[in-house]
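Some notes on the structure that comes next.
The values are calculated or read from the model by the stated rules, or taken from the named source; none is laboratory data. Quantities reported herein were computed from a predicted structural model and do not represent experimental measurements. As a convention, Cβ positions derive from the backbone with ideal geometry for all residues, glycine included, and neighbour counts pool all protein chains shown.
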Amino acid sequence: MKLSNLTLSTPYLSLDPIFYHEVAPTPLKNPKLVSLNPEAAKLLGIDPSHLTDAELEKLLNGTLLLKGSRPYAMCYAGHQFGYYVQRLGDGRAINLGCANGWNLQLKGSGQTLYSRQGDGRAVLRSSIREYLISEAMHGLGIPTSRALAIISSDESVAREKWERGAIVLRLSPSWIRFGSFEYFFHTNKHKELERLADFLLQESFPQFVGSENAYLKMYAEIVQRTAQMIAQWQSVGFNHGVMNTDNMSAIGITIDYGPFAFMDTFESGYICNHTDAQGRYSYDNQPRIGYWNLERLAHALSPLIPTEKLQLELDKYGDYFTTRLMELLRDKLGLDIPNENDSDLLRSLFTVMENGRIDMTPFFRILSRYDGNRETLLSMTLAPNQLNEWCDRYDERLNLNTSSVEERHKHMLRTNPKYVLKNYILQEAIDAAEKDDFTLVNDLLMLAQNPYDEHNKFERYAGVTPQQHTNLKLSCSS
Ligand code: AMP
Ligand code: MG
């Protein structure tokens, strides 16, 4: 199908106007296509080979209105760094409508009713980061919003310095957040709260519609998905950085990428967000914060579901998280049948990695070809004796495996990515894009989508991060 034939629907606008604000995007000056993601076009049923730069530029810039589109910003609230903010909402995002189960949203397309002091814009740097990382997360099998394309412009946007304004078109099966429910709960609008729950059921949990305890089943599913998603983050060393409840998706996918990072050397207390001085959203706090956020959601849903029932579902969070994390980590080590000592073996590996300042991604990749020869692994650590002792234990454990060494290697090479988009890699693509060279953005899109494959031309991105770029913190300003 061609883009011009795509028809959008806007079911969210069937709700009362209190849920949203209808607003047209404000175009940027001289939009220029940076990158198109053909995989995302296919999700919408569009043939990417029919897409032209000109029509994509217009679509993202808000000057090409698709059939059925009625742009709107959504209203929500949220707990930011532990404190409740009673009205947030899409301050710089504008929804266009829905096609094929995907809600199209422009980010950076100008002010809305919810912009407060903000300019409604996004800069090229943060837009490239969001565009590429959502595809990278998807490539790793982690539930996430997606992105269709990105435009840059000649418009300057004031941040810590002047930067180029850009827009990314994001896609999600739902843009409803924990904070959407909090808004109606804390303003005592329980009828609207119920309408939102019904809407989310219809939109994203149709399997529960009409069944007994549908709201409770939906909450139970959100608890499970959130726990399992965060287990996936932990397994690849992903630090989200801003787990405020307005950035928590009600369908348990990763959304709202800001100062995130894939960790370089393993550091349990790593904090990617420069403004998070207390480390509330540090890597090792993520599972706890997931629980805390789900508690806020339970509280917001309490007029609809008895509190004790919500609590019983929330109580399962720890089990969901640990079970999934153990599965993922066993897979990372190629352990085929669970053994009672596995958690101890895994815990000690993370201690060894931290003590030896080991770069996590290349380490697991090299381990994926482990055949008893430890030379390369030992060269990756500042504490080789500790790693050597750990390898003795690993050897013993591998003896309990039932599959062959070849099978283990094959499995681990499909489990431990060769490429994750570390911050210094993204920064190289951003630096080039700011000089109008978008080649690396497109190359990284390909790496993001094929993280387990060998790409000889990009071998340099699979190694240990140069020390001056290791585990840096990023500013929230975007
Ligand atoms: P975030 O933590 O980036 O997801 O943003 C938190 C809130 O601030 C959301 O309500 C955003 O819509 C809003 N916001 C962030 N940046 C801007 C901006 N430049 N202009 C208007 N609103 C913004
Ligand atoms: Mg947000």
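When residues in the range 246-261 are screened for being within 13 Å of ligand 1 (Cβ to nearest atom) and on the phi > 0 side of the Ramachandran plot, 1 of them pass.
Kindly establish whether A158 is more than 11 Å from the chain's Cα centre (by Cα), assigned by TED's automatic domain parsing to the domain that holds L96 and farther than 14 Å from V34 by Cα. Criteria met by A158. In summary, helices (runs of 4 or more DSSP H) completely within the range 354-415 and bearing 3 or more residues that are polar (S, T, N, Q) and over 25 Å from P451 (Cβ atoms) occur at 384-398. Residues in the range 463-478 that are within 16 Å of ligand 2 (Cβ to nearest atom) and in a loop (DSSP other than H, G, I, E, B) were compared, and the one that is nearest to V157 (Cα to Cα) is S478. Give me the residue from the range 237-280 that is surrounded by fewer than 23 Cβ atoms within 10 Å (Cβ to Cβ) and among the hydroxyl-bearing types (S, T, Y) and, out of that set, nearest to ligand 2 (Cβ to nearest atom). Here the answer is T275.
Taking the condition surrounded by 14 or more Cβ atoms within 10 Å (Cβ to Cβ), touching a residue at least 24 places away in the same chain (Cβ under 8 Å), farther than 14 Å from F266 by Cβ and out of contact with any strand residue (DSSP E or B) (no Cβ under 9 Å at 6 or more places or on another chain), does P362 pass? No; evaluated as a whole, the condition is false for this residue. In the range 65-83, which residue that is assigned to a strand (DSSP E or B) and touching a residue at least 12 places away in the same chain (Cβ under 8 Å) is nearest to E203 (Cα to Cα)? Taking the candidates together, the pick is M74. Scoring I337 on the criteria (1) at pLDDT below 95; (2) of a type in the set (A, V, I, L, M, F, W, C); (3) touching a Pro at 6+ places or on another chain (Cβ under 7 Å) leaves a single failure, condition (3).
Residues that are surrounded by fewer than 23 Cβ atoms within 10 Å (Cβ to Cβ) and under 22 Å from E22 (Cβ atoms): does the range 152-162 have at least one? No - not one qualifying residue is present in the range 152-162. So in the range 381-426, with the set limited to residues that are touching a strand residue (DSSP E or B) at 6+ places or on another chain (Cβ under 7 Å) and aliphatic (A, V, I, L, M), which one is surrounded by the fewest Cβ atoms within 10 Å (Cβ to Cβ)? The residue in question is L421.
On the stretch given as the range 6-46, residues that are small (G, A, S), surrounded by fewer than 17 Cβ atoms within 10 Å (Cβ to Cβ) and over 19 Å from F184 (Cα atoms) total 3.
Residue by residue, here is whether (1) under 15 Å from R159 (Cβ atoms); (2) surrounded by fewer than 17 Cβ atoms within 10 Å (Cβ to Cβ); (3) of a type outside the set (V, I, T) holds:
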site	(1), (2), (3)
Y83	no, yes, yes
Q86	no, yes, yes
G89	no, no, yes
I94	no, no, no
G101	no, yes, yes
Q105	no, no, yes
D119	yes, yes, yes
S126	yes, no, yes
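Listed by first and then second residue, the pairs with beta-carbon distance under 9 Å, at least 6 apart or on different chains, first residue in the range 229-251 and under 24 Å from M74 (Cβ atoms), second among the acidic types (D, E) and in a helix (DSSP H, G or I), are T245/E182; D246/E182; I251/E203; I251/E221. You will find that of D443, D371, D431, the residue that is farther than 25 Å from R125 by Cβ, modelled with pLDDT of 95 or more and acidic (D, E) is D371 and no other.
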